[in-house]
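**Q** Structure in structure tokens, see below.
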Amino acid sequence: MDFLDNLVLPQSAHHMVLLKYLLVLTYIILIPYLSILFSSLALSLYFEKRFGKDYKSYRFAKELIDQITFNKSVSFALGIVPLLSSAFCYAQLLHLTRLDVPGYILTAALFFIVALIFIYTYKYTFHLKDIFAFASQKGNDSCPAELESYQKKAARLHKRSGLYGLLFLVIAVYLFIASVQLAADSGSWSTSNNLLGLIFSLKAFVYFLQFIVASFAITSAVILYKYFRNDSISSKDAEYLGFVKNFALRLGTVSTIILPLLIILNVIVKPIESFSYDVFGYALLSLFVVLILVILFYVMLKESSAKFASLLVYLFVVLFAFMIIKDQYAFDTSTKKQFAILEANYEAYQKKVKEEFGLVTEVINGAEIYNGKCIACHQFDRRLVGPPYNEVLPKYEGKQEQLIQFVLNPVKVNPEYPPMPNQGLKPKEAEAVVEYLLMNYKK
Ligand code: HEC
């Protein structure tokens, strides 16, 4: 995506640190949202397909998708905006590399938008199906044939949009994950800057597995929280709520038990360049939080209660934050060289801009000019090619301007010496060196 690269202005080291913080914040919003969206949709499809006849499963399938799609601007704010902003961050951070990570992320964002359209269609046709079912129950036979055909069409659209939504969502997430992994793997930048390499990279695959498992885990916690945070609800439809609780507890327990394996595997497949104490530290912290989660889920499963539901949600936010910070440290360590390049680029750019605006304040140092140009022929106390300064300078005392004129444009003075060649100094330089000489010769 050249157009993104054209937008890039070289950034100072401070700005790049800010951009990295921005990335962390972006992910802390984006990744939990994508996780919950993904598993809500997957579970909704599963329950509708496997147990569609059973009213509890049917209702659960519908509520799952309703809960995550309650508001379109939420999808925009939590999904599309973070995806775009991470593309812009990478355009800055990976500037001057040959990688097209921003381009891949923008492609992922496009897939995500298509996925959202399908997901919303899936949700609306769910309700449409109900309306048709309700209408045909009423035995309204004024136009039953037409009604029936619409009902069929709605059902087909519903089924397809759900599956396509899931497909596009998976592609979007996978592409996104693979791009982020590529960005953090500076060792393979020169070799694998193509889409196929991205898709078939082991790192991307392992990370994707971790995403799926973590997404089922966090979604179980969110379901428990949604349905049981308020005890008064539980009296409404005890059988249905029991079914939901039982399912969420089991799913949560199983997925949090698997999660540590994937976190460890993820650290193992990380590129060597990205290892640091911080990466290990945050991996350990994540494992620790998962351990607490497993225990909480297990206790709740044993008691068949949802008493820790809100604690679970908080812990998952912490867990996701730890995992994201860990990956960001890995990115940081792995891209040290890239940032040195960018910093040098920034300094060169700054210099150029300053020159363009005539802001260069080069410090002219008299001593340096003396040591660089005059010392070959002059010393203060000895004759070399030219006369010793201690001898010739007293006559210039108080006549600084005259001496500057001589240095800028030497004329023949003493027949004992050959003429002094013009040293090609600029007026400011002559001034500086003269000042230096007059201050330093022995009176
Ligand atoms: C290639 C040798 C050479 C270099 C380099 C050189 N000079 Fe000289 N300089 C001379 C010679 C030879 C004379 C004597 C010229 C004369 O008397 O006609 C001289 C004379 C002078 C004098 C005495 C002038 C006078 O009125 O008696 C000054 C002051 C001086 N040089 C300053 C400088 C400064 C400042 C630099 C460095 C920016 C410099 N020179 C570099 C060869 C050199």
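No value in this document is a laboratory result; all are computed from the given coordinates. Given the structure is predicted, the values throughout are model-derived calculations rather than measurements. Methodologically, a virtual Cβ is constructed for each residue, glycine included, from the backbone with ideal geometry; neighbour enumeration extends over all protein chains shown.
**Q** Expressed in nm², what is the orientationally averaged projection area of the convex hull enclosing the Cα positions of region 1-125?
**A** 8.6
**Q** I would also like to ask the following. Straight-line reach from Lys153: which aspartates and glutamates fall under 14 Å, measuring Cα to Cα and dropping same-chain residues less than 8 apart?
**A** Partners within reach: Asp130.
**Q** Let me ask something else. Any idea which of Val114, Ala87, Ser73 is furthest toward the positive side of the dipole for region 13-133, if Lys and Arg beta-carbons carry +1 and Asp and Glu beta-carbons -1?
**A** Most positive-ward Cα: Val114.
**Q** Dividing the alpha-carbon Rg of region 366-440 by 2.2 N^0.38 Å yields what?
**A** Compactness ratio reported: 0.99.
**Q** Note the angle between two axes, namely the Cα long axis of helix 202-228 and the longest principal axis of the Cα atoms of the chain, as a number of degrees from 0 to 90, rounded to the nearest 10.
**A** It is inclined by approximately 50 degrees.
**Q** Determine the calculated [θ] at 222 nm for the chain from helices alone, applying -39500 (n - 2.57) to every DSSP H run no shorter than 4 residues and normalising by the residue count; nearest 500 deg cm²/dmol.
**A** -24500 deg cm²/dmol
**Q** Taking region 272-316, how much of its Cα-Cα pair set, in percent, is spaced more than 17 angstrom apart?
**A** Cα-Cα pairs of region 272-316 separated by over 17 Å account for 44 percent.
**Q** Beyond 19 Å between alpha-carbons counts as too far, so tell me which of Lys351/Lys373; Lys373/Lys399; Lys245/Lys307; Lys129/Lys226; Lys399/Lys442; Lys129/Lys159 fall in that bin.
**A** Over 19 Å Cα-Cα: Lys351/Lys373; Lys373/Lys399; Lys129/Lys226.
**Q** Using only the alpha-carbon atoms of the chain, report the extent along each of the three principal axes, biggest first, to the nearest angstrom.
**A** 127, 52, 41
**Q** Sticking with this structure for a sec: Name the residue from Tyr21, Ala155, Leu265 whose Cα lies farthest towards the positive end of the charge dipole of region 2-349, charges +1 on Cβ of Lys and Arg and -1 on Cβ of Asp and Glu.
**A** Comparing the listed Cα positions along the dipole, Ala155 ranks first.
**Q** How much net charge surrounds Arg383 when only other residues with a Cβ under 12 Å from its Cβ are counted (Lys, Arg +1; Asp, Glu -1)?
**A** Taking every Cβ under 12 Å from that of Arg383, the sum is -2.
**Q** In square nanometres, what is the average projected area of the Cα convex hull of region 76-170?
**A** Projected area, direction-averaged: 7.3 nm².
**Q** If you take the charge dipole of the chain about its Cα centre, with +1 on Lys and Arg Cβ and -1 on Asp and Glu Cβ, which of Phe205, Phe126, Phe316 is farthest toward its positive end?
**A** Phe126
**Q** When the convex hull of the C-alpha atoms of region 305-375 is computed, what volume per residue in Å³ does it have?
**A** Spread over its residues, the Cα hull of region 305-375 gives 180 Å³ apiece.
**Q** What size of dipole, in debye to the nearest 20, comes out for the chain about its Cα centre when the only charges are +1 on Lys and Arg C-beta atoms and -1 on Asp and Glu C-beta atoms?
**A** So the dipole magnitude of the chain works out to roughly 1260 debye.
**Q** Separate question: How big is the charge dipole of region 6-121 about its Cα centre, in debye rounded to the nearest 20, if each Lys and Arg gets +1 on its Cβ and each Asp and Glu gets -1 on its Cβ?
**A** Dipole about the Cα centre, nearest 20: 260 debye.
**Q** Compute a Gaussian network model of the chain, connecting alpha carbons closer than 10 Å, and tell me which residue from Leu37, Leu167, Leu64 fluctuates the most.
**A** Leu167
**Q** Relative to the longest principal axis of the chain, what angle (0 to 90°, nearest 10) does the C-alpha long axis of helix 238-268 take?
**A** The angle comes out at about 30 degrees.
**Q** Helix 13-51 against the longest principal axis of the chain: what's the angle in degrees, Cα atoms only, rounded to the nearest 10?
**A** The angle comes out at about 10 degrees.
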